[in-house]
Amino acid sequence: MMALCGLGVLGQAVGLNGRLAATEAVVTGGMLDLIPAFDWQKVVVAPWTVDIGLYGWMMLMAFLVTTACGLIGNYLLLRRLALVGDAISHSVLPGLVAGFLIFGSLGIGPMLVGAVLAGVLTTVLIELIHSHSRVKADAAIGITFCSLFALGVLLINVYAGQVHLDAECVLYGELSHVPWAEQVTVLGVSMPLPVLVMGVATGIVALLTGLFYKELLISSFDAGLAAAFGFRPRVIHYTLMAMLSLVVVAAFESVGAILVIAMLILPGATAQLLSTRLPVCFGLSVAHAALSSVLGVHLGLWLGCSLAAAVVVAGTGLFGLAWGVSLMGRRRVEIESGSA
Amino acid sequence: MRFLILIALLLLTEGSANASRIGDVGEVDAWGQAVRFFSFQDASLRLALAGALLVGLNCGLLGGYVVVRRMALVGDMLSHAVLPGIVLGFLWAQTKDPVAILIGALLAGAAATGVSSLLARTTRLKPDAIQGLVLASFYGVGICLLGLVQNLPTGAKSGLDKFLFGQAAGLSGNDVMMMAVATGLSLVLVGWLYHDLLALSFHRGFGQTLGLKMGLLHGVIMLLTAFAIIVAMQAVGVVLVSAMLIIPAATAYLLTDRMHRLLGLSAVLGMAAAGVGAFGSFLGNNLPTGPLMVLAGALFFAAAFLFSPRHGWVTRVLRQRRRRARAERENTLKAMHRVLEDHGLAGVSVREGVTLAELSAQRRESVGESGERVRDLVRAGLATVSQDGHILFFTPAGEQRARAIVRNHRLWELYLTHAASFSPDHVHDQAEEIEHVLGEETVRQLSRRLDFPEVDPHGRPIPTVDAIHGVGAATEKGGLGYQ
C-alpha cells in the first residue's frame, strides 16, 4: 500500500524536480555542476528495493515527525501561536542541556523532562513579560526564546566535554545521522529505536488530539465559550505547549530546531488553504506529511543534501501547489460571481 | 557615534588573526585576560570588539523601529530567510566575497518580504503563520543549497558555517568594514528621515496626508534592517541576530516614552551588551561571543523589566503600595478631624487630642488596627501620641493634610450634587475615592466653580484654603506645646 502510494507520486516528483533543475540552471548559468545528474536507479528505485531497510525507516520517521508536528500545528495556526512554536523549538535547548547535566545521561527520560519544563517555562516567561510590562507579545516572544537559546548554546560550549549535544546538530538535524543501528523488537517487528520513540510520540499526539477534539476546537475558536463550558482554557493552553515541547524534542534529532518550525506550520497552512473544515484539514495535513516525506527523501538522495531540509523543500513545493490551486479556485469564484 | 566609526575604520588597517573565540589565543587566567582586554593589544581583539560594538549600535538603532512597529519577529524571519541568498551569492562569486554574499542575501530578503506580503494579500493565513512559513521554508531551501555547495569539488565551505553561529573573533577587516558601512548608512538615513520614519511608525495615515511615501519608507527601513542583519550574522549567528534587534530596543522601550531617546538608549544598550559579551567571552576559553552578548542584553532587559522608573514591575508594585499606604494615612487623619469636629473643636485648637477608642469607633475597626494606623501616622510625622499611648494629636503638617483631604472630599460631594445632579446620599463613596487624587489646582477650580462654598451637602463646613494654609503659620507663631 505504502509502496504503491509512493510510486504514484514519483512521477510527479520527477517532473517537479526536473523543472526545478531547469530553472536553477538558467538562473545560475555556469553552475550546472551544482545539480548532480539524475540517477533513476539510485534515486528512485534503490530506496524502494535494495535500501528499503534504511530509507523505508527514514521515510517513516520523516512522516511521523511531520504528522505529529502537523496535527499540533493546525491548532497553533488556529490559535495564532505559530511563532510560539518557533520560540519553543529554540528554547527547549537549555532544557535538554540542563536535563543532561542533572541526570548525566542522554536517555529519553531526562531529555523529555528537561524539554517539557523548558517549553512550559518559555510560555510562562512570554506571558509574564507580556502581561507585566508594556512590551508587546511579539517582542516578548523574541526576547524569551533568544535568551533561552543563547543560554543553551553557552551551556553546550561551557560543558562541551560532557555534553554530547552538538550545536550544529541542533540547528540542522539530519535524518541520516539518527542512530539507525539501535534496533528494538516490538510485537515481533524489529525496528530502530528512534522510530519507535517518534512513533509513540506521534501516537500520543494523535490520541490526545482525538480525545480532546471538542475541547481543543472550542477553546481555539472561542475561549470565552470554552471557559463557560468549564474547559479551563489555561490548562488546555499549557497542555498544548507541553505536548509541543515533547514533539519538538522527539523531532530534534532528525530535523533540528529550525526546520521543525517548517514541519509545524507547512502541513497546517497547506491544509487551511484548501479547506475550512478542521477534520478535513487534519486529513490534508497527514496527506501533506506523507507526500512531503516521501518526495523529500527522494529529492535529498538526488541532490545529496540534508534529507530533513529536502523534506522541507518538498513540503514547501506542495504548499506552493496548494497556493496555486487556491488562487485558481478564488479566480474561478470571482469569474462566476462576476458573470452571475 | 561618529567617533566609533572612525575607530572602526582605523582598526581596519590591521591584519586579522583567525581565532575561533576571542579568548582562544592565550592563557585562561581570568585576571590576566581582563588586563589584556583593556589594554587592547591584540589586533584580532580590536577587530572583534569594533565589530561587536558596530553590530550593537546598528541593531539597537534599527531595533527601535522594529519594536515600536510590532514587527519584532520580522528580524527573525529575515535572518533565516536570507540563507539561500547567502549560499547563492557564495556560489556565484565562488569565494566568500562579502559583496556578492550581501547582494544575494539582500535579494533573498526582498524575495521573502515579497512572498510574505503576497501571501498576506491572497490567502487567509494569519501574519504569524506567514512569518513562520516563509522563515522555515526559505531556511530549508538554504540548508539544502548549503548541502549542494559542500558537495561541489570547488565548494570549500570556507566560512559559510560562520553565518549560522557567528564568530566575532573570526571577523576580518573586510567584515568590520561592511559593518561600519551598514552602521553609517543606518545613522545617516535615520538622522535624515527621522520625522518621516516617526510618522511611519506611529501614524501611517497621517504620514500619507503629509504626502510622504509610506511604502517607500517601509522599504527603506526593511532594507536597512536586512542589511544590518546580514552583516551582524557573522558576529552572532542566524538565530541570535534577531535578539540583537529586539532586546536592546525592548529594554529602551521600558525606560522612555520618547522616540528619539528610545533610539539613542537602544543603540547605547546594544553597544553595552555587545561590549560586555565580547569582554565576557575573552575571559574564558569556552565562552562564545554571540550568546554572551545576548545574555548580557537579557540581563539589562530583566533589570529594566523589574526596576524601570516608570514601567518596571517592582517599581509599579511599590508605587501602588505607597499610594495605598498614603490613602490609608489620609483616611486616618480624616477620621481624627471628624472626631474633633464632632466635639466642636475642629480648627479651634490643635491642642485637643483624639483617643484611640474614638478613632477606632470612627473608622469602624478594632483598637488594635487603629493602633497600627497611629504608629504609621507617627512614623510619617503627621501625628504624635501622648505618653500613655492613648491620646493622639495632630502635628501641624498632619492637621494641614487632614483639612486638605476633608476639603477635597466635601467639595467633590458638593460638585456632584450641584453640577452632576447626584442625590446627596449617593456622593460619599465616590468622594471617598477621589479625595486622594485631586490636585491642588483642580480643587481651586472646583471651589471657584461652586462659588466658594462654605458647607457641603450634608451641612458640614468645608475647610477654606486659608484655614489649611493658615494653620502652619499659626502654629509656628504660637509655638504649641505638644512638640
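Around A:Ala322, what is the net charge, scoring Lys/Arg as +1 and Asp/Glu as -1 over all other residues with Cβ under 14 Å from its Cβ?
It works out to a net charge of +2.
Mind ordering A:317-325, A:116-124, B:128-136, B:233-241 by average Cβ neighbours within 10 Å, highest first?
B:233-241, B:128-136, A:116-124, A:317-325
Given only helices, namely DSSP H runs of n ≥ 4 each adding -39500 (n - 2.57), what is the per-residue ellipticity at 222 nm of chain B, to the nearest 500 deg cm²/dmol?
-23500 deg cm²/dmol
How large, in Å, is the range B:312-454 by the Kirkwood hydrodynamic radius built from its alpha-carbon pairs?
Hydrodynamic radius (Kirkwood, Cα pairs) of the range B:312-454 is 16.2 Å.
So what's the net charge close to B:His80: Lys and Arg +1, Asp and Glu -1, counting the other residues with Cβ under 15 Å from its Cβ?
-3
Compute the angle between helix B:440-449 and the longest alpha-carbon principal axis of chain B, please, reported from 0 to 90 degrees and rounded to the nearest 10.
50 degrees
When ranked by the protection proxy of mean other Cβ atoms within 10 Å per residue, highest first, what sequence do the peptides B:400-413, A:258-271 form?
Packing proxy ranking, top to bottom: A:258-271, B:400-413.
Calculate the spin-label point distance for A:Leu211 paired with A:Tyr238, positioning each point 7 Å from the Cα along the beta-carbon direction, and give it in nanometres.
The modelled label-to-label distance comes out at 1.8 nm.
Below 8 Å, C-alpha to C-alpha, sequence gap of six or more: please give me the relative contact order for the range B:260-299 in percent.
41 percent
With contacts defined as alpha carbon pairs under 8 Å and 6 or more residues apart, what's the relative contact order of chain B in percent?
Relative contact order comes out at 17 percent.
Average partner chain C-beta neighbours within 10 Å, per residue of A:264-271?
4
Please compute, for peptide A:307-314, the average count of beta-carbon atoms on other protein chains lying within 10 Å of each residue's beta-carbon.
Mean shielding count: 5.
How far, in degrees from 0 to 90, does helix B:173-192 lean away from the longest principal axis of the Cα atoms of chain B, to the nearest 10?
It is inclined by approximately 40 degrees.
Mind checking the dipole of the range B:283-376: about its Cα centre, +1 per Lys or Arg Cβ, -1 per Asp or Glu Cβ, Debye to the nearest 20?
Computed charge dipole of the range B:283-376: roughly 400 debye.
Could you grab the relative contact order for the range A:216-340? Cα pairs under 8 Å, six or more apart, rounded to a whole percent.
18 percent
Can you give me the angle between helix B:72-81 and the longest principal axis of chain B, using Cα atoms only, in degrees from 0 to 90, rounded to the nearest 10?
Tilt relative to chain B: about 10 degrees.
Which order, highest average first, do A:204-217, B:99-112 follow once you tally other Cβ atoms within 10 Å for each residue and take the mean per peptide?
B:99-112, A:204-217
According to a simple spin-label model (label point 7 Å from Cα along Cα-to-Cβ), what is the distance in nm between B:Tyr194 and B:Asn331?
4.8 nm
Under the definition of partner shielding as Cβ atoms of other protein chains within 10 Å of a residue Cβ, what is the mean value for peptide A:127-140?
Mean shielding count: 6.
Search the structure for amide H atoms under 5 Å from the amide H of A:Met191, placed 1.01 Å from N in the peptide plane, and list their residues when 5 or more places away or on another chain.
A:Val184, A:Thr185, A:Val186
Dipole size in debye (nearest 20) for the range B:324-478 around its Cα centre, Lys and Arg Cβ +1, Asp and Glu Cβ -1?
My answer is approximately 340 debye.
A short reminder: the numbers here are calculations on the coordinates, not readings from a lab. Small disclaimer: the values here were computed from a predicted structure and weren't measured. Note that we place each Cβ from the backbone using ideal geometry, even for glycine, and neighbour counts take in every protein chain shown.
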